[in-house]
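Quick notes on the structure that follows.
The values are calculated or read from the model by the stated rules, or taken from the named source; none is laboratory data. Values in this document were obtained by computation on a predicted structure and should not be read as measured data. Cβ atoms come from the backbone with ideal geometry, glycine included; neighbour counts cover every protein chain shown. The accessibility values were calculated without ligands, DNA or RNA, using every heavy atom of the protein model including side chains. Shrake-Rupley method; radii C 1.70, N 1.55, O 1.52, S 1.80 Å.
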Amino acid sequence: MGKTDDSTSLKSTPLIEAERQVESFRQVREAHRMELVEDYVELISDLLADGGEARQVDIATRLGVAQPTVAKMLRRLARDGWVVQRPYRGVFLTPEGEALAHASRQRHQTVERFLLALGVDPDTARRDAEGIEHHVSEQTLALFDAFVRKAEGG
């Protein structure tokens, strides 16, 4: 049997229409823009649920960033209506922020359960879900959920 050259056995796919490609890149840019917002509001929600407060220092520690980075982001989140900062009391989510945190948490859990159903180890599934959750479409997410329900016998 002869050896095949991998570089010639892979066929390149033709370019898609420019408008479709633009929409794909636009969707990715929007996902990147919202990724940090979602991570912050989800973490703030978790901190509030766990200890009743979300302090800048705790957010910085959990995200592995400097406090000035958190302060800048919190100002942006407050400006955009996701959080309210109260002097000496920390950060609180607005109803819109809480709804966003809930939706982000649901997406994360669905993606993580899907990866676990595929046989990915729990630590890797948790880490991978953290990135995938921000970029998955509602259609794909619904299919992930249906797959997991079927795999779990439900």
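Just want the answer: with Cβ charges of +1 for Lys and Arg and -1 for Asp and Glu, which residue in HIS135, GLY51, ALA78 is farthest toward the dipole's positive end in the chain?
Projecting each Cα onto the dipole axis, the largest value belongs to ALA78.
Enter the accessible area of THR124 (Å², nearest 10), with the probe set to 1.4 Å and all protein chains included.
Near enough 40 Å² of accessible area.
Which label belongs to the value computed from this structure, given these candidates for semi-axes √(5λ) of the Cα gyration tensor in Å: (i) 45, 26, 12; (ii) 36, 21, 16; (iii) 31, 25, 14?
(ii)
In the full protein assembly as shown, how much of ARG149 is accessible to a 1.4 Å probe, in Å² to the nearest 10?
The value for ARG149 is about 130 Å².
Report, in deg cm²/dmol and to the nearest 500, the calculated mean residue ellipticity at 222 nm for the chain, where each DSSP H run with n ≥ 4 adds -39500 (n - 2.57) and the sum is divided by the residue count. Show your work: numbers first, answer last.
Numbers: 7 runs with 108 residues, N = 154.
Dividing the helical sum by the residues of the chain leaves -23000 deg cm²/dmol.
Return a whole-number percent for the relative contact order of the chain, with Cα pairs under 8 Å and 6 or more residues apart as the contact set.
Value for the chain: 20 percent.
Please give the contour-minus-distance gain from LEU36 to ASP128: 0.36 nm per residue of separation, less the Cα-Cα distance, rounded to one decimal in nm.
31.5 nm
Which FRET efficiency value, to the nearest 0.05, do you get for LYS11 and GLN109 by plugging their Cβ-Cβ distance into 1/(1 + (r/R0)^6) with R0 = 22 Å? List each step's numbers first, then the result.
Details: r = 38 Å, r/R0 = 1.71.
Plugging the Cβ-Cβ distance into 1/(1 + (r/R0)^6) gives 0.05.
Can you list the residues, at least 5 places off or on another chain, whose amide H is less than 5 Å from the amide H of THR94, using H built in the peptide plane?
Under 5 Å from the amide H of THR94 lie the amide H atoms of VAL83, VAL84, each far enough along the sequence or on another chain.
Would you mind getting the accessible area per residue of segment 87-154, heavy atoms of the protein chains only, 1.4 Å probe, in Å²? Show your work: numbers first, answer last.
Working: 4180 Å² over 68 residues.
Averaged over the residues of segment 87-154, the accessible area is 61 Å².
Report the gain in length on full extension from ARG79 to GLU138: 0.36 nm times residue separation, minus Cα-Cα distance, nm rounded to one decimal.
Extending this stretch completely gives an extra 18.5 nm.
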